[in-house]
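Asks: Structure in structure tokens, see below.
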């Protein structure tokens, strides 16, 4: 996709939000990272300064206030070093009418929203989860989170902070409003992307059959035997099975004039297979890659769904990526880890591997079993590199809504209500509704009964909303990169941005 800007009023410059940092030097990289995030959220360039010299207006003061820095016309954000600390226990507080993550006992107006944003974007509270609550790969369930974070998992807290601060900025400096770059193309107010993790490619593969039979005996449920029977029936033709899914999704999406992204599973190329790795992958016999190639040319996106050990092995990620690219005859620009299993104790180590492997975006940051906002935001952002103390050259597209989050209880009406609630929260803050419905669920039978019905009732109202930009993850990542570059150029006159 190519982006084109329409620039009016050449020779002028946008009004930047001038932020004065009066904080200890050790915290400057973190603060700069957060204000860059805020700038992207606001659609305004941000200039960071450290001394108030001359007559230039200061829009935000972050840090300590004194007589020399009274700054009546600026938004004041108090600094609290303890909120950057991994061991600080936080709670869900009321901050001027909206929810915020802060220390217990902090005055409503005294929460350090910059530190709280950094804490959420970098998942600091997860460091308080003990090893006994994690599996061998470091994964955990939300019940293991400290109480304050657990109570706020389904709230886009960072989006609330950004909106609150922007309102204060515009109240003090109304002229900033005319310089705000649109968050989404064509004047859309929020974005939607439909994605599919492809966990079950061929029910007839030996490991899939064995797993289904074991589950049938252990759980005493006939549905697993029925799935195994279908696998045997289509032993040599997996693409004819109802569990294949790709053709059904393609037909549904063509009918609704949308395109999605499929994250394709690959078995380990050099590392050992884990029990919870996908039991079949896109290289099984009977898969015709010409189908994927044709879909890719028609606008569908394909990404990588790497095996569990790939989170800590760059060579494994590269080998899996290259294997798919060779067959697809097209590059893979994004990925989502199976089980969302990045290195959950040191996420930056996995992001570092994504960049080294040549990926442009990742979409693995979500809760393992519940809908919500693991990093406190629904917006794209660049993850933080604590070693280099700057953002990675990688776009993260947070995952807020997945089929297993809402469909697991079996009540489709409850599932639809829960899914629509999350979607509305994101619509209200102008964010990205990143939806993951597994490829195999299109059959809407067996253990996936009513999954397609649930998705249709959550997604289709969004497709009819004129305020929604419905597109693929890579297009969103490209847009966010483009928009960030335009903010950095600090050019006035960008009254309209459109997509070609």
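Asks: From the residues in region 396-418 that are part of a loop (DSSP other than H, G, I, E, B) and in contact with a helix residue (DSSP H, G or I) (Cβ under 8 Å, 6 or more places away or on another chain), which one is farthest from residue 361 (Cα to Cα)?
Replies: First, the residues of region 396-418 that are part of a loop (DSSP other than H, G, I, E, B): 397-400, 408-411.
In the following step, the residues that additionally are in contact with a helix residue (DSSP H, G or I) (Cβ under 8 Å, 6 or more places away or on another chain) were identified as 397, 399-400, 409.
Details: 397: 7, 399: 12, 400: 16, 409: 32 Å.
Residue satisfying both the conditions and the ranking: 409.
Asks: Of all residues in region 373-395, how many are crowded, with 21+ Cβ neighbours inside 10 Å and assigned to a loop (DSSP other than H, G, I, E, B)?
Replies: Count: 10.
Asks: Given the criteria touching a strand residue (DSSP E or B) at 6+ places or on another chain (Cβ under 7 Å) and closer than 24 Å to residue 434 by Cα, does residue 358 qualify?
Replies: no
Asks: On to the next question. Residue 301: within 17 Å of the chain's Cα centre (by Cα) and surrounded by fewer than 21 Cβ atoms within 10 Å (Cβ to Cβ), yes or no? Lay out the reasoning, then the answer.
Replies: Values: within 17 Å of the chain's Cα centre (by Cα): yes; surrounded by fewer than 21 Cβ atoms within 10 Å (Cβ to Cβ): no.
It is false that residue 301 is within 17 Å of the chain's Cα centre (by Cα) and surrounded by fewer than 21 Cβ atoms within 10 Å (Cβ to Cβ).
Asks: On the given criteria, is residue 364 in contact with a helix residue (DSSP H, G or I) (Cβ under 9 Å, 6 or more places away or on another chain), more than 23 Å from residue 131 (Cα to Cα) and either part of a loop (DSSP other than H, G, I, E, B) or in contact (Cβ under 8 Å) with a residue 12 or more places away in the chain (or both)?
Replies: Values: in contact with a helix residue (DSSP H, G or I) (Cβ under 9 Å, 6 or more places away or on another chain): yes; more than 23 Å from residue 131 (Cα to Cα): no; either part of a loop (DSSP other than H, G, I, E, B) or in contact (Cβ under 8 Å) with a residue 12 or more places away in the chain (or both): yes.
Against the criterion (in contact with a helix residue (DSSP H, G or I) (Cβ under 9 Å, 6 or more places away or on another chain), more than 23 Å from residue 131 (Cα to Cα) and either part of a loop (DSSP other than H, G, I, E, B) or in contact (Cβ under 8 Å) with a residue 12 or more places away in the chain (or both)), residue 364 does not qualify.
Asks: Does residue 445 satisfy the criteria of being under 26 Å from residue 334 (Cβ atoms), touching a helix residue (DSSP H, G or I) at 6+ places or on another chain (Cβ under 9 Å) and surrounded by fewer than 24 Cβ atoms within 10 Å (Cβ to Cβ)?
Replies: On the way: under 26 Å from residue 334 (Cβ atoms): no; touching a helix residue (DSSP H, G or I) at 6+ places or on another chain (Cβ under 9 Å): yes; surrounded by fewer than 24 Cβ atoms within 10 Å (Cβ to Cβ): yes.
Here the answer is no, as residue 445 does not meet what is asked.
Asks: Could you please find all residues in region 313-348 being part of a helix (DSSP H, G or I) and touching a helix residue (DSSP H, G or I) at 6+ places or on another chain (Cβ under 7 Å)?
Replies: Here is the first cut: in region 313-348, the residues part of a helix (DSSP H, G or I) are 314-328, 338-340, 347-348.
Across region 313-348, the qualifying residues are 314, 316, 317, 318, 320, 321, 327, 328, 338, 339.
Asks: Within region 127-148, track down each residue that is part of a helix (DSSP H, G or I) and more than 19 Å from residue 86 (Cβ to Cβ).
Replies: To start, the set of residues in region 127-148 that are part of a helix (DSSP H, G or I) comprises 127-128, 131-133, 142-144, 147-148.
The one that is part of a helix (DSSP H, G or I) and more than 19 Å from residue 86 (Cβ to Cβ): 143.
Asks: Among the numbered criteria (1) touching a helix residue (DSSP H, G or I) at 6+ places or on another chain (Cβ under 8 Å); (2) at positive phi, which single criterion is violated by residue 186?
Replies: (1)
Asks: Considering each residue of region 226-243, count those that are outside any helix (DSSP H, G or I) and in contact with a helix residue (DSSP H, G or I) (Cβ under 7 Å, 6 or more places away or on another chain), and give that number. Spell out how you get there, then give the answer.
Replies: Keep residues of region 226-243 that are outside any helix (DSSP H, G or I), which gives 234-237, 241-243.
Filter again for in contact with a helix residue (DSSP H, G or I) (Cβ under 7 Å, 6 or more places away or on another chain), leaving 234, 241-243.
Count: 4.
Asks: Checking residue 135 against (1) surrounded by fewer than 19 Cβ atoms within 10 Å (Cβ to Cβ); (2) in contact with a helix residue (DSSP H, G or I) (Cβ under 9 Å, 6 or more places away or on another chain): exactly one of these is not met. Which one?
Replies: Looking at each condition in turn, residue 135 falls short on (2).
Asks: Okay, moving on. Check whether at least one residue in region 69-88 is on the phi > 0 side of the Ramachandran plot, assigned to a loop (DSSP other than H, G, I, E, B), at pLDDT below 90 and loosely packed, with under 15 Cβ neighbours inside 10 Å, and report yes or no.
Replies: Looking only at region 69-88, we keep the residues that are on the phi > 0 side of the Ramachandran plot, and these are 71.
Still in the running and assigned to a loop (DSSP other than H, G, I, E, B): 71.
When the remaining residues are screened for being at pLDDT below 90, the result is 71.
If we keep only those that are loosely packed, with under 15 Cβ neighbours inside 10 Å as well, we get none.
Checked region 69-88: no residue is on the phi > 0 side of the Ramachandran plot, assigned to a loop (DSSP other than H, G, I, E, B), at pLDDT below 90 and loosely packed, with under 15 Cβ neighbours inside 10 Å.
Asks: Mind counting the residues in region 273-312 that are outside any strand (DSSP E or B), touching a strand residue (DSSP E or B) at 6+ places or on another chain (Cβ under 7 Å) and within 22 Å of residue 345 (Cβ to Cβ)?
Replies: Number satisfying all stated conditions: 1.
Asks: Any residue at all in region 409-426 that's buried (at least 21 other Cβ atoms within 10 Å of the Cβ) and farther than 25 Å from residue 467 by Cα?
Replies: No, region 409-426 contains no residue that is buried (at least 21 other Cβ atoms within 10 Å of the Cβ) and farther than 25 Å from residue 467 by Cα.
Asks: Let me ask something additional. Spot the failing condition for residue 4; the list is (1) surrounded by fewer than 17 Cβ atoms within 10 Å (Cβ to Cβ); (2) farther than 30 Å from residue 297 by Cβ; (3) in contact with a strand residue (DSSP E or B) (Cβ under 8 Å, 6 or more places away or on another chain); (4) modelled with pLDDT under 95, and only one is missed.
Replies: (2)
Asks: A further question follows. What number goes with the only condition from (1) surrounded by 17 or more Cβ atoms within 10 Å (Cβ to Cβ); (2) part of a helix (DSSP H, G or I); (3) out of contact with any strand residue (DSSP E or B) (no Cβ under 9 Å at 6 or more places or on another chain) that residue 249 does not pass?
Replies: It fails just one condition, (3).
Asks: Pick from 224, 262: which is buried (at least 19 other Cβ atoms within 10 Å of the Cβ) and out of contact with any strand residue (DSSP E or B) (no Cβ under 6 Å at 6 or more places or on another chain)? Working first, answer last.
Replies: On the way: 262 fails: out of contact with any strand residue (DSSP E or B) (no Cβ under 6 Å at 6 or more places or on another chain).
Answer to the selection: 224.
Asks: Is there any pair with a first residue in region 412-431 that is in contact (Cβ under 8 Å) with a residue 12 or more places away in the chain and a second that is assigned to a helix (DSSP H, G or I) and surrounded by fewer than 19 Cβ atoms within 10 Å (Cβ to Cβ) whose Cβ atoms are under 6 Å apart and which are 6 or more apart or on different chains, and what are they?
Replies: Final answer for the pair search is 412/453; 416/457.
Asks: Right, next: State yes or no: is residue 34 at pLDDT below 95, within 29 Å of residue 432 (Cβ to Cβ) and under 29 Å from the mean Cα position of the chain (by Cα)?
Replies: Answer is no for this residue.
Asks: Separate question: Kindly list the number of the only condition in (1) touching a strand residue (DSSP E or B) at 6+ places or on another chain (Cβ under 7 Å); (2) outside any helix (DSSP H, G or I); (3) more than 29 Å from residue 215 (Cβ to Cβ) that fails for residue 435.
Replies: Of the numbered conditions (1) touching a strand residue (DSSP E or B) at 6+ places or on another chain (Cβ under 7 Å); (2) outside any helix (DSSP H, G or I); (3) more than 29 Å from residue 215 (Cβ to Cβ), the odd one out for residue 435 is (3).
Asks: Does residue 152 qualify as being in contact with a strand residue (DSSP E or B) (Cβ under 9 Å, 6 or more places away or on another chain), part of a loop (DSSP other than H, G, I, E, B) and buried (at least 22 other Cβ atoms within 10 Å of the Cβ)?
Replies: Details: in contact with a strand residue (DSSP E or B) (Cβ under 9 Å, 6 or more places away or on another chain): yes; part of a loop (DSSP other than H, G, I, E, B): yes; buried (at least 22 other Cβ atoms within 10 Å of the Cβ): yes.
When the stated conditions are applied, residue 152 passes them.
Asks: Residues of region 247-282 being closer than 29 Å to residue 471 by Cβ and over 23 Å from the mean Cα position of the chain (by Cα), which ones?
Replies: 247, 248, 250, 251, 252, 254, 255, 256, 257, 281, 282
The values are calculated or read from the model by the stated rules, or taken from the named source; none is laboratory data. In this text, all values refer to a predicted model and were calculated from it rather than measured experimentally. Quick reminder, even Gly has a Cβ in these numbers, built from the backbone with ideal geometry, and neighbours come from all protein chains shown.
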